[in-house]
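The values are calculated or read from the model by the stated rules, or taken from the named source; none is laboratory data. If you're wondering where the values come from, they're calculated on a predicted model, not measured in any experiment. For neighbour counting, all protein chains shown are included, and Cβ atoms are generated from backbone atoms with ideal geometry for every residue, glycine included.
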Amino acid sequence: MIGLVVFAFLCVLFFGWAITLYNGLVRARNEVKLTWSNIDVLLVQRHDELPKLIAVCKGYMQHESGTLERVVRARADVDVARNAGNVASMGVAEGALRSGLTGLYAVAERYPDLKANTLFQNLQTRITALETEIADRREVYNDAVNANNVRIESFPDVMIARLFDFQAARLLKFSAEQISDVDVKLAFGA
C-alpha cells in the first residue's frame, strides 16, 4: 500500500515536472512570436511612410528614377518576406532597403530645395527613427530566439521539445555586406 502511494506521488511529481517544462517551452516559443510581431508593427509603419517619402522626392529628383526604383523594389521585397514570415529573406530584403534609403538620402543632398522641404525632413526623421526601433527590436527578437533555441536543445527540456515537436527559430541576421556603411560616392556618381 505504501509503495502504491509512493508510486502515485512520484507519477504526479513527474507529470507536474513535465507540464512545467512544456509550459516553459510554450512561453519561449510565444516570446519569439511576440517579438517578431513587434518588429512586424514597425515594418508596417515604415512600409506606409516610404511611399510618402518617394512621392516628395519624385517632384525634385526627375533624373534619379533608378534610386527611387531601388527603394520601391526593396520595399516590395521586405513586404513579401514579412508577409511570408521568412526570416532569412527578411535579412536580405532589409539590407537592400537600408542600402536604397541611404542612397536616396545621399542623392537628396544634391537637391537643396528637397533637403529644405519640411515634409521630406519629417519623413526622413520618422523613417530613421523607425530604422533605429527596428534594429532595437531585432536585438530583442534574436534574444528571444536564442532563449527558445537553448531551451529546446538543453536537457531535460529537449525530451519534451522532441516529444511535442518544438522547432528551433531562426535568428534575424544580416551579412557583413548588408550592415556595412554604404558607399555614398556611388550615389553621387563619383
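Answer with yes or no whether THR20 is under 20 Å from PRO156 (Cα atoms) and over 15 Å from the mean Cα position of the chain (by Cα). Answer is yes for this residue. Would you check which residues across the stretch 119-153 are over 24 Å from ILE39 (Cβ atoms) and either without any contact (Cβ under 8 Å) to a residue 24 or more places away in the chain or aliphatic (A, V, I, L, M) (or both) and list them? Correct list: LEU119, GLN121.
Just one of (1) surrounded by fewer than 16 Cβ atoms within 10 Å (Cβ to Cβ); (2) closer than 28 Å to TYR111 by Cβ; (3) basic (Lys, Arg) fails for ARG27. It is (2). When we screen THR35, THR67 for residues that are of a type in the set (S, T, N, Q), surrounded by 16 or more Cβ atoms within 10 Å (Cβ to Cβ) and touching a Phe, Trp or Tyr at 6+ places or on another chain (Cβ under 8 Å), the only hit is THR35. Taking the conditions exactly as written (part of a helix (DSSP H, G or I) and in contact with a Lys or Arg (Cβ under 8 Å, 6 or more places away or on another chain)), does LEU114 satisfy them or not? For LEU114, the condition - part of a helix (DSSP H, G or I) and in contact with a Lys or Arg (Cβ under 8 Å, 6 or more places away or on another chain) - is not met.
Looking at the stretch 80-95, can you tell me whether even one residue there is assigned to a helix (DSSP H, G or I) and in contact with a Lys or Arg (Cβ under 6 Å, 6 or more places away or on another chain)? Yes, that holds for at least one residue.
Of all residues assigned to the stretch 115-128, none qualifies as being surrounded by 14 or more Cβ atoms within 10 Å (Cβ to Cβ) and under 10 Å from the mean Cα position of the chain (by Cα). When the stretch 35-79 is filtered for residues that are under 14 Å from ARG98 (Cα atoms) and polar (S, T, N, Q), only THR67 remains. Set side by side, the residues ALA74, ALA108 differ, and just one is of a type outside the set (Ser, Thr, Tyr), more than 22 Å from the chain's Cα centre (by Cα) and farther than 18 Å from SER37 by Cβ, which is ALA108.
Checking the stretch 13-20 against the condition returns no match, with no residue being at pLDDT 90 or above, under 21 Å from LYS173 (Cβ atoms) and aromatic (Phe, Trp, Tyr). Inside the stretch 1-24, residues that are surrounded by 11 or more Cβ atoms within 10 Å (Cβ to Cβ), free of Cβ contacts under 8 Å to residues at least 40 places away in the same chain and either more than 30 Å from VAL140 (Cα to Cα) or aliphatic (A, V, I, L, M) (or both) make up a count of 1. Listed by first and then second residue, the pairs linking a residue in the stretch 154-165 that is closer than 13 Å to PHE15 by Cα to a residue that is part of a helix (DSSP H, G or I), with Cβ atoms under 7 Å apart and 6 or more places separating them unless they lie on different chains, are ILE160/ALA18; ILE160/LEU21; ILE160/TYR22; ILE160/LEU25.
Of all the listed residues (ALA84, ALA55, ALA76, ALA93), the sole one being crowded, with 19+ Cβ neighbours inside 10 Å and of a type in the set (Gly, Ala, Ser) is ALA93.
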